[in-house]
Amino acid sequence: MDVETLSRIQFAFTVSFHYIYPPLSIGLGVMLVFMEGMYLRTGKKIYETMTRFWIKIFALIFGIGVATGIVMEFEFGTNWATYSRYVGDIFGSALAAEGIFAFALESGFLGLLLFGWNRVSPRMHFFATVMVALGSMFSAVWIVVANSWQQTPSGFHIVGEGMKARAEVTDFWAMVFNPSSVDRLTHVLIGAFLAGSFLVLSVHAYYLFKNRHVEISKKAFKMALIVATISGLLQLLSGHHSASGVAINQPAKLAAFEGHYDSLNVGDMYLFGYVDNEKQKVSGLKIPGGLSFLLHNDFTTPVRGLNSFPVNDRPKQVNAIFQVYHLMIFIGVLLIGLTLFAVFLWWRGKLFKYRWVMLVFSFSVILPQLANQLGWFSAEMGRQPWVVHGLLRTSDALSKSVNANQVLFSLILFTVIYFILFMLFIYLLNKKIQHGFDEPKTTDQAAISNPTLN
């Protein structure tokens, strides 16, 4: 394989592995706020026990996430030097903002979150929990802003020519609020809420299936179910709004999502299928005119197709893009169905009656992770052949002094290291889950031993 292919595989691998952890830390941070908030409101020790347990899980996820994220920053310089020079002023400003406004906030209060129990008042500890949760979300803000600028660049001008050309910020807020940043940030954050809430659902469903920590698990499961249900429904709306934005700003990407080629035809919406890029045909189950209706509220309005773009300016792996996009949607709908079914059982007073329901939720943790990964694959593969849409091609963004053997060697090395880190993460996570909670002596005791609660 050539340098470009290997470099793309390496970056995709490192980003995908790293992206296991930030959504979990963001979503779990929100769950911690709810858990500790319930402790402050009710004074019941059961919520403190719940919060203490999940803080340990959060710390593990946060540590692995930081360790795996550092590598990507070096890859910008080693494998993508032309890209780094071209967008350094813009991408660098967003990364600097993340360090100042997000990572510093999150890490600054992390010590208080982990070790502040019985050293500060419960309200101060809760404040630290809120700050850590906000810090994790602010981190997502600036990373998504930087990536969204690559999708829909704005607030800049180009200085220099040829290999010395680079983008400079002319309007910082136009760069931040580029045409896709708000939609994409909303979609990413809701996906993170789903990841965190389903982690909580999965662990407590496992405990209930094993008949362990029953009382605390019922409370935590219901709390996470509320967050997951609301997030799933909001994600459906967010996804629709985001797709409408893609139709305006990146029509070639949307056409690849649905395998739509002919601009004179209405846009069909496929539930599943296969794209033959050579014959420019899609076979599968579809809703005729469904895409046209979603975009224009009319089943008969044509949708711009891939054939309206020069061959070199549109994605080539159309079937792969089609498949990951539709699999993402399928998982999203499955998550909504799963949570609504659980809410129905809750309403009927039968939520914890069926052990098979808890078994299903025990394994459900993988679904939001897959959906989040597939969403990024759709966005990044659909953007090709551009690394900065309409301005810089991926093939032109490479480092000129790196050869294929060097990239291959580092890819193998990263694979080994990341595999070890992942095994360590799974081992430690499983160890904490198997150990379980340090159950309080009473579950309805008011905060007698914590006068500061009053």
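The values are calculated or read from the model by the stated rules, or taken from the named source; none is laboratory data. On a predicted model such as this, the values are computed, not experimentally measured, just so you know. We place every Cβ from the backbone using ideal geometry, glycine too, and count neighbours over all the protein chains shown.
Hey, can you tell me all the residues within region 314-336 that are among the aromatic types (Phe, Trp, Tyr) and surrounded by fewer than 22 Cβ atoms within 10 Å (Cβ to Cβ)?
330
How many residues does region 353-379 contain that are farther than 21 Å from residue 429 by Cβ and either surrounded by fewer than 18 Cβ atoms within 10 Å (Cβ to Cβ) or touching a helix residue (DSSP H, G or I) at 6+ places or on another chain (Cβ under 6 Å) (or both)?
The number of residues fulfilling the criteria is 8.
If you scan region 164-221, which residues turn out to be among the hydrophobic types (A, V, I, L, M, F, W, C), touching a helix residue (DSSP H, G or I) at 6+ places or on another chain (Cβ under 8 Å) and either in a loop (DSSP other than H, G, I, E, B) or closer than 20 Å to residue 240 by Cβ (or both)?
Result: 165, 185, 188, 189, 190, 192, 193, 194.
Give just the number: which of (1) small (Gly, Ala, Ser); (2) at pLDDT 90 or above; (3) assigned to a loop (DSSP other than H, G, I, E, B); (4) surrounded by 15 or more Cβ atoms within 10 Å (Cβ to Cβ) does residue 447 not satisfy?
Going through (1) small (Gly, Ala, Ser); (2) at pLDDT 90 or above; (3) assigned to a loop (DSSP other than H, G, I, E, B); (4) surrounded by 15 or more Cβ atoms within 10 Å (Cβ to Cβ) one by one, residue 447 breaks only (2).
In region 296-313, which residues are buried (at least 20 other Cβ atoms within 10 Å of the Cβ) and in a helix (DSSP H, G or I)?
Residue satisfying the conditions is 306 alone.
Provide a single number: the residues in region 255-284 that are surrounded by fewer than 15 Cβ atoms within 10 Å (Cβ to Cβ) and either among the basic types (Lys, Arg) or in a loop (DSSP other than H, G, I, E, B) (or both).
5
So is residue 12 surrounded by fewer than 21 Cβ atoms within 10 Å (Cβ to Cβ), among the small types (Gly, Ala, Ser) and at pLDDT below 85 or not?
The answer is no for residue 12.
Need the failing condition index for residue 153 against (1) in contact (Cβ under 8 Å) with a residue 60 or more places away in the chain; (2) in contact with a helix residue (DSSP H, G or I) (Cβ under 6 Å, 6 or more places away or on another chain); (3) crowded, with 18+ Cβ neighbours inside 10 Å, just the number.
(2)
Can you tell which of 133, 128, 165 is in contact (Cβ under 8 Å) with a residue 24 or more places away in the chain, crowded, with 17+ Cβ neighbours inside 10 Å and not hydroxyl-bearing (Ser, Thr, Tyr)?
Step by step, each of 133, 128, 165 is checked, and only 133 is in contact (Cβ under 8 Å) with a residue 24 or more places away in the chain, crowded, with 17+ Cβ neighbours inside 10 Å and not hydroxyl-bearing (Ser, Thr, Tyr).
When you scan region 231-253, how many residues do you find that are β-branched (Val, Ile, Thr) and either touching a strand residue (DSSP E or B) at 6+ places or on another chain (Cβ under 9 Å) or exposed (fewer than 15 other Cβ atoms within 10 Å of the Cβ) (or both)?
Of the residues in region 231-253, 1 are β-branched (Val, Ile, Thr) and either touching a strand residue (DSSP E or B) at 6+ places or on another chain (Cβ under 9 Å) or exposed (fewer than 15 other Cβ atoms within 10 Å of the Cβ) (or both).
Among (1) free of Cβ contacts under 8 Å to residues at least 24 places away in the same chain; (2) closer than 30 Å to residue 259 by Cβ, which single condition is residue 345 missing?
So residue 345 meets the others, but not (2).
Would you mind stating whether residue 65 is part of a helix (DSSP H, G or I), without any contact (Cβ under 8 Å) to a residue 60 or more places away in the chain, of a type outside the set (D, E, K, R) and in contact with a His (Cβ under 9 Å, 6 or more places away or on another chain)?
yes
Examine region 122-132 for a residue that is part of a helix (DSSP H, G or I), of a type outside the set (Phe, Trp, Tyr) and either within 18 Å of the chain's Cα centre (by Cα) or within 30 Å of residue 245 (Cα to Cα) (or both), and state whether such a residue exists.
yes
If you go through region 387-432 one residue at a time, how many are without any contact (Cβ under 8 Å) to a residue 24 or more places away in the chain and either at positive phi or of a type in the set (Phe, Trp, Tyr) (or both)?
Count: 3.
For region 55-75, which positions are surrounded by fewer than 19 Cβ atoms within 10 Å (Cβ to Cβ) and aromatic (Phe, Trp, Tyr)?
Selection gives 74 alone.
Condition first: within 13 Å of the chain's Cα centre (by Cα) and among the hydrophobic types (A, V, I, L, M, F, W, C). Now tell me which residues in region 1-27 satisfy that.
15, 17, 20, 24, 26
Given the condition at positive phi and among the polar types (S, T, N, Q), answer yes or no: does some residue in region 277-284 qualify?
yes
Would you check which residues across region 106-127 are closer than 28 Å to residue 12 by Cα and either modelled with pLDDT of 85 or more or touching a Ser or Thr at 6+ places or on another chain (Cβ under 7 Å) (or both) and list them?
106, the sole residue that qualifies.
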